[in-house]
């Protein structure tokens, strides 16, 4: 799926256009380095319909750490991050949950895109089938969770501890080791 359509800037909602502009400026200023944050603040709640039709919220995951991954299927670094998440989730097994949130949903990029660039549940399902794990829970971002969590880059990862507090947030791909280090602190 390509995002390089000639009039894409005219089709995007202003909020997403601002988010993408911030991402580009941040990448230029930092040489592409991502922002790594350890926190102890309460995670914002969300309500998303999963690809299998269930409704999930932050409360649905209480008691176990949650890897909350904001991605898009066209994102090249998301393939590598999927591998890192797959590796740590296989190491911890049922001691944690993984929720994949596709931020490139029509609700975020606008209806004017006419589906040309908006991702669908089928796109997300195909990405996870190829790069992820069947144990992962997946949803399109229909509740603006991306904005609630302050995500300004595609392929960003948040670890929420079992009490609903953000333990780790990385804007951009984190890779395996920072994710593993964060989980070591919250998985019991």
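Since every read-out is calculated from the coordinates, none of them should be taken as a lab result. These numbers come from a predicted model, not from an experiment. Heads up, the Cβs are rebuilt from the backbone with ideal geometry, glycines too, and the neighbour counts pull from every protein chain shown.
Peptides 73-82, 95-104 ordered by packing proxy, namely the average of other Cβ atoms within 10 Å per residue, highest first: 95-104, 73-82.
Placing a pseudo-label 7 Å from each Cα along the Cα-to-Cβ vector at residue 133 and residue 54 gives an inter-label distance of 1.5 nm. Distance between the 7 Å Cα→Cβ label points at residue 126 and residue 79: 1.4 nm. Gain on full extension, evaluated as 0.36 nm per residue between residue 181 and residue 47 minus their Cα-Cα distance, stands at 45.4 nm.
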